[in-house]
Amino acid sequence: MDSFAGRDPLLYNLPFPRPVYPLTHLLRSMIAILDYDAGNLTSVALAVRHLGREPRITRDPDVARRAERIIFPGVGAARSSMENLARLGLDAALAEAFSEGKPILGICIGCQVIFSRSEEDGGADCLGLLEGDVVALRFPPGVRRKIPHMGWNEVRFRGGHEVFSGVPEGSQFYFVHSYHVRPADASCVCGTAVYGGIEMVAAVAHRNLVALQFHAEKSGPPGLRILDNFLRWQPT
């Protein structure tokens, strides 16, 4: 496991001991990382391995159905992401997993397409696991910032969700995006960040689903804390 960690400096210096899971637990569990041609798979898999679990990168919806939990990462556009998910049958597998209460973690585009619709590329219907829209970053008059928003931002967490437990106040996380989510129900918002005068939703949670606009796997110890919490989380 240490050989994987050595390839990425953001995996150094965990702020907590490397987790040790019982062998019986490892044998009966599997973490599915969904591959739908949206990239961002290797860094997520390395982070999960570093945390003591063995992920399986898969395009097979039946593998996702057998998994203990699902990580749904990716970068790119909503329309192409939805087309690929539908082509592979992963859209149905995600809907089933959500309905069955299986833990799901969305990252970046995986945070956006869980909502109802995105205005990207002229508009695209999305998975609709949560109600809400995805809209472009639009700054107040006189404010200029680079798009895409690419870099480190503080995320302020609220609500005390278990997946964000133990993350130090003021922690910075790595973002790469041009659109952001607007949930219909504000009670699902667990974290926000400010960029160019816009308070953006950075993290949401509802039932067995958690989603992050930022890249936890690229965000050093605070991001690894969130991933480790997710791997241990048992939704109620």
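The values are calculated or read from the model by the stated rules, or taken from the named source; none is laboratory data. The structure displayed is predicted, hence computed values, not measured ones. Here Cβ is always computed from backbone atoms with ideal geometry, including for glycine, and neighbour counts include all displayed protein chains.
Is it true that some residue in the stretch 180-190 is more than 27 Å from P222 (Cβ to Cβ) and at pLDDT below 95? Walk me through it before giving the result.
From the stretch 180-190, those more than 27 Å from P222 (Cβ to Cβ) are 184; that's our starting set.
When the remaining residues are screened for being at pLDDT below 95, the result is none.
Scanning the stretch 180-190, I find no residue that is more than 27 Å from P222 (Cβ to Cβ) and at pLDDT below 95, so the answer is no.
Looking at (1) at pLDDT below 85; (2) farther than 17 Å from R69 by Cα; (3) of a type in the set (D, E, K, R), which one does R28 not meet, given that it meets all the others?
Of (1) at pLDDT below 85; (2) farther than 17 Å from R69 by Cα; (3) of a type in the set (D, E, K, R), only one is false for R28: (2).
So, L51, is that one at negative phi, touching a helix residue (DSSP H, G or I) at 6+ places or on another chain (Cβ under 7 Å) and modelled with pLDDT of 95 or more or not?
Taking the combined requirement at face value, the residue satisfies it.
Only residues that are in contact with a helix residue (DSSP H, G or I) (Cβ under 7 Å, 6 or more places away or on another chain) and within 27 Å of D91 (Cβ to Cβ): list them for the stretch 126-161, please.
Those that are in contact with a helix residue (DSSP H, G or I) (Cβ under 7 Å, 6 or more places away or on another chain) and within 27 Å of D91 (Cβ to Cβ): C126, L127, L129, L130, V134.
Listed here are the residues, each with its yes/no results for (1) more than 23 Å from N84 (Cα to Cα); (2) of a type in the set (D, E, K, R); (3) in contact with a strand residue (DSSP E or B) (Cβ under 6 Å, 6 or more places away or on another chain).
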| residue | (1), (2), (3) |
| --- | --- |
| D125 | no, yes, yes |
| G142 | yes, no, no |
| R145 | yes, yes, no |
| V155 | yes, no, yes |
| H161 | yes, no, yes |
| E169 | yes, yes, no |
| A184 | yes, no, yes |
| V189 | yes, no, yes |
| H206 | yes, no, no |
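Name, by its number, the condition in (1) within 17 Å of A203 (Cβ to Cβ); (2) more than 17 Å from the chain's Cα centre (by Cα); (3) not in a loop (DSSP other than H, G, I, E, B); (4) not basic (K, R) that does not hold for G160.
If we test G160 against (1) within 17 Å of A203 (Cβ to Cβ); (2) more than 17 Å from the chain's Cα centre (by Cα); (3) not in a loop (DSSP other than H, G, I, E, B); (4) not basic (K, R), just (3) comes out false.
Tell me, please, whether a residue that is in contact (Cβ under 8 Å) with a residue 12 or more places away in the chain, of a type in the set (F, W, Y), under 27 Å from F230 (Cα atoms) and not in a loop (DSSP other than H, G, I, E, B) can be found in the stretch 107-120.
No, that holds for no residue.
Table: residues versus (1) modelled with pLDDT under 95; (2) out of contact with any His (no Cβ under 6 Å at 6 or more places or on another chain).
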{"residue": "P141", "(1), (2)": "yes, yes"}
{"residue": "E162", "(1), (2)": "no, yes"}
{"residue": "Y174", "(1), (2)": "no, no"}
{"residue": "R207", "(1), (2)": "no, yes"}
{"residue": "S219", "(1), (2)": "no, yes"}
{"residue": "R225", "(1), (2)": "no, yes"}
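For the stretch 186-227, name all the residues that are in contact (Cβ under 8 Å) with a residue 24 or more places away in the chain, surrounded by fewer than 23 Cβ atoms within 10 Å (Cβ to Cβ) and charged (D, E, K, R).
Once the filter is applied, which keeps residues that are in contact (Cβ under 8 Å) with a residue 24 or more places away in the chain, surrounded by fewer than 23 Cβ atoms within 10 Å (Cβ to Cβ) and charged (D, E, K, R), the stretch 186-227 yields R207, K218.
Looking only at residues that are within 18 Å of the chain's Cα centre (by Cα) and in a loop (DSSP other than H, G, I, E, B) in the stretch 55-100, which one is nearest to Y36 (Cα to Cα)?
Going through the qualifying residues, I end up with R59.
Taking the conditions exactly as written (basic (K, R), over 25 Å from V176 (Cβ atoms) and either modelled with pLDDT of 95 or more or touching a strand residue (DSSP E or B) at 6+ places or on another chain (Cβ under 8 Å) (or both)), does R66 satisfy them or not?
Against the criterion (basic (K, R), over 25 Å from V176 (Cβ atoms) and either modelled with pLDDT of 95 or more or touching a strand residue (DSSP E or B) at 6+ places or on another chain (Cβ under 8 Å) (or both)), R66 qualifies.
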